[in-house]
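**Q** My questions all concern the structure below.
None of the figures in this text is laboratory data; all of them are computed from the coordinates on show. What you see is a predicted model, and the numbers here were worked out from it, not measured in a lab. Here the Cβ positions follow ideal geometry from the backbone for every residue, glycine too, while neighbour counts run over all protein chains shown.
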Amino acid sequence: MKAFITRRKSLLVAAGAALALSLSACGGGTTTTPPVDKPSFAAGTTMEKLSQAGKITIGTKFDQPLFGQKGLDGKPVGFDVEIGKAIAAKLGITPDKIEWVETVSANREPFIEQGRVDIVVATYTINDARKQKVSFAGPYYEAGQALLVNKDDSSITKPEDVAGKKVCSVTGSTPAKTIVDKYAAELVPAANYTACLEPLRNKQVVAVTTDNVILAGYVDKEPDAFKLASDQTFTKEPYGIGLKKEDTVFRNWINDQLEAFAKDDTYKKAWEATAGKVIKTVPALPTIDRY
């Protein structure tokens, strides 16, 4: 009887482990970048401060499939998350010493300015207006704005089709401004893109607009409900890593790491484990803007 109970416990443990692996896979891929052992940095730099502290706070999205989405274990997963982990590893910081803070489009600059986060990796488009408040390393990826529509809607195939119609996007985001200023849509603002899905499903809006990779994640999750209006994008959205405005040394160091990631396959592995599950072609690292 004792042997039976022991065997039964072993089977339950094995089954639990298999289920955990399965759920982890459903939540999104991950990859492991080993931390640098005892890295050395110039005195007084942000790199030295973070490395000696042995921890870092990173802002990311919690609702963006493929790039930054809270997993079943409560931790975010996605391409942005993997880039954040890789940067932390170069500081000698292990993933368990990263504090992840949810940053939505409207609070990314304030969180950086207030010191609530050390960096933001959150589908964060680099633009001149934002450069007035924060600095950017990168870009590490170039997306493009697109439209998400209901699967049965063939009336919208290009941005000009939403003129005078209700379109949902996130407050303070670049796509929200573009769809209003350039294409004369009526904006229905939301706190995050997930909050736009029900209004679209219920036909309170005709489309949701943001970057194509974000929308592709929603299509991947609900292919019978939603589709991209077109495979074509109508803007260029260079994603950068946000940090304190005057911290040029830290920005240059992050840029160096991004270029190294492209050479040593860190970038490729991060993509294939996350966004590459839907977008199969591994993108090339864009030319770093060392302004």
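**Q** Mind putting together the pair-distance distribution for the stretch 145-228? All Cα pairs, 5 Å bins, whole percent per bin, short to long.
**A** All Cα pairs considered, the percentages come to 3, 17, 31, 29, 15, 3, 0.
**Q** Residue 224 to residue 163: extension gain in nm, 0.36 nm per residue of separation minus the Cα-Cα distance?
**A** 19.4 nm
**Q** Something else: On average, how much area does the Cα convex hull of the stretch 100-177 cover when viewed from any direction, in nm²?
**A** With the hull built on Cα positions only, its mean projection is 6.8 nm².
**Q** Under a point spin-label approximation (7 Å from Cα along Cα-to-Cβ), what is the residue 72-residue 128 distance to one decimal in nm?
**A** Calculated label separation equals 4.8 nm.
**Q** Follow-up. I'd like to verify something in the chain: which complete DSSP H helices, judged by Cα projection on the helix axis, reach 24 Å or more and average at least -0.5 on the Kyte-Doolittle scale?
**A** Qualifying helices: 2-27.
**Q** Would you mind pulling out the separation of the Cα centroids of the stretch 239-291 and the stretch 115-160, in Å?
**A** First find each Cα centre; the distance between them is then 15 Å.
**Q** Specify the residue with the greatest mean-square fluctuation among 84, 59, 276, computed from a Gaussian network of the chain linking alpha-carbon atoms under 10 Å apart.
**A** Its mean-square fluctuation being the largest, the pick is 276.
**Q** Treat each spin label as a single point 7 Å out from the Cα along the C-beta direction, and report the residue 53 to residue 94 distance in nm.
**A** With each label placed 7 Å out from Cα toward Cβ, I get 1.9 nm.
**Q** What 222 nm value per residue comes from the helices of the chain, counting each DSSP H run with n ≥ 4 as -39,500 (n - 2.57) and dividing by all residues, nearest 500 deg cm²/dmol?
**A** Taken over the chain, the calculation gives -10500 deg cm²/dmol.
**Q** With springs only between Cα atoms under 10 Å, which of 191, 53, 207 fluctuates most in a Gaussian network model of the chain?
**A** Result for the chain, Cα springs under 10 Å: 53 fluctuates most.
**Q** Suppose R0 equals 35 Å; then what is the FRET efficiency for residue 277 and residue 43 from their Cβ-Cβ distance, rounded to the nearest 0.05?
**A** 0.25
**Q** Related question: Would you mind calculating the gained length between residue 102 and residue 287 on full extension (0.36 nm times residue separation, minus the Cα-Cα distance), in nm to one decimal?
**A** Difference between extended and current length: 63.8 nm.
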